[in-house]
Amino acid sequence: MDLTIALIIMFALIILNIPVAYAIIAGCAYYFIMNDSFTHEILIQRMMSGVESFPLLAIVFFITAGILMNYTGITERMLNFAQVMTGHMTGGLAKVNVLLSVLMGGLSGSNIADAAMQSKVLVPQMTKRNYPPAFSTALTAATSLITPIIPPGIALIMYGYIGNVSIGNLFLAGIVPGLMLSVIFLILVHFIAKKRGFETEKKPAAKPKEMLIASKDAAFAILLPIIIIGGIRFGVFSPTEAGAIAVIYALILGFFIYRQMKGNQLVTALKESVNLTATIMIIIAAGTAFGWILTLEQIPQQLTGTVTNFIESPALFLFVIMVFLLVVGMFIEGNVLLIILTPIFMPMIQTFGIDPVHFGLFFILCLSVGTITPPIGTIMFTTTAITKVKIEDFIKEAWPFYIVLIIAILLVAYFPAISLWLPSLFS
């Protein structure tokens with residue numbers, strides 16, 4: 001009964017637009033206060049235990065590194081590199097948008113940071129070339145969803161930490177699905193551009209010299225994900241140490257190689273990092289306390305028993321979970337669901353014999369769709385707020401991307417080799 005009322009409190013506060021972390025804390029506080037078996041300090045203890053973790057430092061470091069990168073001049077160099085590679089094609093700037101998401105996602109690990117940056121930098125350029133702002137915004141939001149599944153995706157680190165899954169294997173597993181999704185997006189925007197007449201005139205491809213200069217400028221940035229993945233995979237450093245190296249790497253680029261970062265920009269970047277890190281960490285802390293309550297009440301075990309009684313096939317299980325996550329993700333923020341549902345799903349996937357690395361990529365892809373879906377899609381609101389596009393116009397332009405994302409989810413779900421090939425190759 002106490003758990004039921006705690007859940008009612010949580011959802012009531014969420015409906016009232018109270019931040020999700022505080023809604024969870026309020027529900028947990030009620031549960032612990034009404035339960036005589038615990039001291040009142042247990043809530044704080046559980047929350048602190050959720051964030052007192054060395055692996056979670058990786059999130060702090062990668063967020064900081066990603067934000068620092070925006071002040072080093074890397075964004076402009078990456079944009080120039082993407083334009084040289086795809087700018088001459090049909091729908092050139094739309095394809096630049098896709099490629100830039102892959103390149104910047106490999107630096108920041110944060111889809112919100114990626115979407116915000118491209119909304120400010122690329123959408124105005126696309127508007128000048130007669131792309132409708134709503135289309136450019138929807139494309140930017142959709143392509144930012146490549147970021148969570150490619151290294152060093154913050155969602156991969158969170159899932160690996162909570163589910164006790166190798167973060168190094170998750171980083172490797174995300175490469176092929178991320179590239180697959182980017183190729184699907186490139187094909188889609190090509191056909192949309194041809195149908196709607198976006199940049200269909202023929203333009204000369206970049207000369208070898210221009211390609212060489214652009215590649216040279218972007219080389220240091222492209223090297224970072226390779227250093228991170230290679231170092232983790234071959235045991236040179238842990239994911240947390242890789243994050244620290246990424247921060248040092250960004251500082252060296254900003255102050256000594258590109259020489260574009262100034263002291264006041266460093267202070268600004270660190271403030272941004274603190275704000276974003278605090279937002280994520282309080283959600284993790286609240287989710288840890290709530291997860292402990294669910295474990296105490298044996299909810300994961302009960303749900304596993306119920307699910308396995310009705311579903312026998314792993315394929316059907318994945319389909320049901322996909323539908324569930326797509327619906328729930330429309331109403332609850334993805335990071336919250338990742339923290340709450342991972343401990344619940346782990347016993348289930350063990351029962352069905354599903355690899356936790358494979359499930360992690362599938363899980364994160366499903367949750368990411370909710371970030372561009374009404375009514376609370378965080379990426380949708382971030383991009384439309386920057387570009388001043390109406391939500392209804394965004395949705396009209398976004399539906400082809402919803403379809404493509406669902407196709408990608410189904411491919412990852414039912415062809416495990418897409419995500420498991422690289423981890424098995426390097427095992």
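Every read-out reported here was derived from the displayed coordinates using simple, explicitly stated rules and does not represent laboratory data. Keep in mind that what you see is a predicted model, and the values were worked out from it rather than measured. When we count neighbours, we look across all protein chains shown, and the Cβ atoms used for this are built from the backbone with ideal geometry, even at glycine.
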Highest-MSF residue in the chain out of ILE59, ILE280, ILE403 [GNM, Cα springs under 10 Å]: ILE403
Output the peptides 47-54, 174-181 sorted from most to least packed, where packing is the average of other Cβ atoms within 10 Å over each peptide's residues. 174-181, 47-54
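Once every DSSP H run of n ≥ 4 in the chain is given -39500 (n - 2.57) and the sum is divided by its residues, what mean residue ellipticity at 222 nm do you get, rounded to the nearest 500 deg cm²/dmol? Mind showing how you got there, number by number?
Numbers: 20 runs with 328 residues, N = 427.
Helices in the chain give a 222 nm mean residue ellipticity of -25500 deg cm²/dmol.
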What are the semi-axes of the equivalent ellipsoid for segment 41-425, taken as the square roots of 5 times the Cα gyration tensor eigenvalues, largest first, in whole Å? 33, 25, 19
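Extension gain GLN125-ASN309, at 0.36 nm per residue separation less the Cα-Cα distance, in nm?
Numbers: separation 184, 0.36 × 184 = 66.24 nm, distance 5.44 nm.
Taking GLN125 through ASN309 to full extension adds about 60.8 nm, to one decimal.
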The helix 299-310 Cα axis meets the longest alpha-carbon principal axis of the chain at an angle in degrees, between 0 and 90 and rounded to 10, of 80
Helix axis angle, 239-252 relative to the chain longest principal axis, alpha carbon, degrees: 30
Tell me, in nm to one decimal, what length is gained between LEU223 and LYS207 on full extension, where the rule is 0.36 nm per residue of separation less the Cα-Cα distance? 3.4 nm
Under the definition of Cα pairs under 8 Å and six or more residues apart, what whole-number percent is the relative contact order of the chain? 25
Spatial separation of Cα centroids for segment 223-273 and segment 155-183, in angstrom: 20
List the lysines whose Cα sits under 17 Å from the Cα of LYS209, skipping any in the same chain fewer than 8 residues away. none
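For LYS388 and SER49, compute 0.36 nm times the residue count separating them, minus their Cα-Cα distance, and round to one decimal in nm. Provide the component values of the computation, followed by the final result.
Numbers: separation 339, 0.36 × 339 = 122.04 nm, distance 4.11 nm.
Separation in residues times 0.36 nm, less the Cα-Cα distance, equals 117.9 nm.
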Given a cut-off of 18 Å, name the pairs among LYS120/LYS390; LYS95/LYS203; LYS120/LYS207; LYS203/LYS396 whose C-alpha atoms lie farther apart than that in the structure shown. LYS120/LYS207; LYS203/LYS396
By how many degrees, between 0 and 90 and to the nearest 10, does the Cα long axis of helix 154-163 differ from the longest principal axis of the chain? 30
